[in-house]
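As structure tokens, the structure follows; a few thoughts come after it.
The values are calculated or read from the model by the stated rules, or taken from the named source; none is laboratory data. Only a predicted model underlies this, so the values are computations on that prediction, with no experimental measurement involved. Every residue, glycine as well, gets a Cβ built from its backbone with ideal geometry; the counts of neighbours run over all protein chains shown. Ligands, DNA and RNA are stripped out before the accessible areas are found, and what is left, the full protein with its side chains, is counted by its heavy atoms. Shrake-Rupley method; radii C 1.70, N 1.55, O 1.52, S 1.80 Å.
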Amino acid sequence: MRAKLIAANWKMNGSFALIDEMLKALSPLLEKTSCDVVILPPDVFLFSLKKAIEGTRIEVGAQNVHSETSGAFTGETSAPLLQACGAQWCIVGHSERRMLFSETDEFIRGKTETLLRHGIRPILCIGETLEQRESGNHEEVVVAQLGKGLSGLAADDQLRCVVAYEPIWAIGTGKTATPEQANSMHRIIRKELESLASSEVADKMQILYGGSVNAENADTLLSQSEIDGALVGGASLKTDAFPQIVAAGN
Ligand code: PEP
């Protein structure tokens, strides 16, 4: 039985006040829920968030990393630096980075390997554009991104990764994949994991859904057999909605 994981991607938002308010809103719930919670704020808040969650079940992560571990990369953050701030997780391959910063599958793979070497668990995002879905290419695109992200990694390393299926047309648009569309793509991803990794990896790896998850649709999405949690953007900044999504993961 895979545990549910709810991950909050704050993107380029948040504040010191939101850290306190969100933890206050989540704390009554944490004793009652078995689901895992990860908050991924902008890097500047990592250290403060790490201190603030001490003694709770919440974990912290970053939204991006460079594949190199040090050097002349102005403005970038390395895995050792994230580790020093307490990051336990890091998103790689988010569609905003793929599209706005032209990140390639090769660069993303380098980031994943570097994170794993530094004990940080990657959340690998994969997903198709609307055009790719409408032309019937979506399965091929997602399977190719998955393969480039994970194949050839040691089994132990694959087991440290989480995959987030995020159809690009559903991110920040208010347009959610139907529970059936999401569940069916998750099933394809799990089947592919069996051939590119092993049946153990396919069975154990958590596959999250991301794309306009909110307090209203979380219950239905999270009750699908293949959906092991959610990567939440916009609604993860709301102190009323995010705890409700965590509660839906119970
Ligand atoms: C995301 O950024 O990963 C995301 C899923 O955003 P939203 O929930 O706002 O669609």
Worksheet item: Which loop-located GluC sites (Glu not before Pro) does the stretch 167-229 contain, where loop means any DSSP state but H, G, I, E or B and the Cβ has at most 16 other Cβ atoms within 10 Å?
Response: 216
Worksheet item: How big is the charge dipole of the chain about its Cα centre, in debye rounded to the nearest 20, if each Lys and Arg gets +1 on its Cβ and each Asp and Glu gets -1 on its Cβ?
Response: 440
Item to complete: For the chain, calculate the relative contact order in percent as a whole number, restricting contacts to Cα pairs under 8 Å that are 6 or more residues apart.
Response: 22
Item to complete: Give me the Kirkwood hydrodynamic radius of the stretch 88-200, using the inverse of the mean 1/r over all pairs of distinct Cα atoms, in Å to one decimal.
Response: 14.4
Discussion item. As a test of understanding, state the convex hull volume per residue of the stretch 1-45 from its alpha carbons, in Å³.
Written reply: 66
Discussion item. Strictly greater than 16 Å: what percent of every Cα pair in the stretch 33-147 meets that?
Written reply: 63
Response to the item:
Whole-number value, in Å³ per residue, for the convex hull of the alpha carbons of the chain is 117
Discussion item. Debye calculation, C-alpha points only, no solvent: report log10 I(q)/I(0) for the stretch 150-195 at q = 0.18, 0.19, 0.21, 0.30 Å⁻¹, in the same order as the q values.
Written reply: -0.66, -0.71, -0.80, -1.11
Item to complete: Determine the order of 111, 50, 175, 32 by accessible area, beginning with the largest, at a probe radius of 1.4 Å.
Response: 32, 175, 50, 111
Worksheet entry | Alpha-carbon centroids, the stretch 127-194 and the stretch 209-247: separation in whole Å | 17
Item to complete: For the stretch 192-232, just the Cα set please: Rg and Dmax, both in angstrom.
Response: 12.1, 35
Discussion item. A 20 angstrom limit on the alpha carbon distance is what I want to check against. Which of 24/175; 175/238; 24/50; 11/191 exceed it?
Written reply: 24/175; 11/191
Practice prompt. Roll a 1.4 angstrom probe over the protein heavy atoms and tell me the percent of accessible area of the chain that is carbon or sulfur.
Written response: 51
Worksheet item: For the chain, which span is the longest to avoid every loop-located (per DSSP) member of chymotrypsin sites (Phe, Trp or Tyr not before Pro) having at most 13 other Cβ atoms inside 10 Å?
Response: 102-250
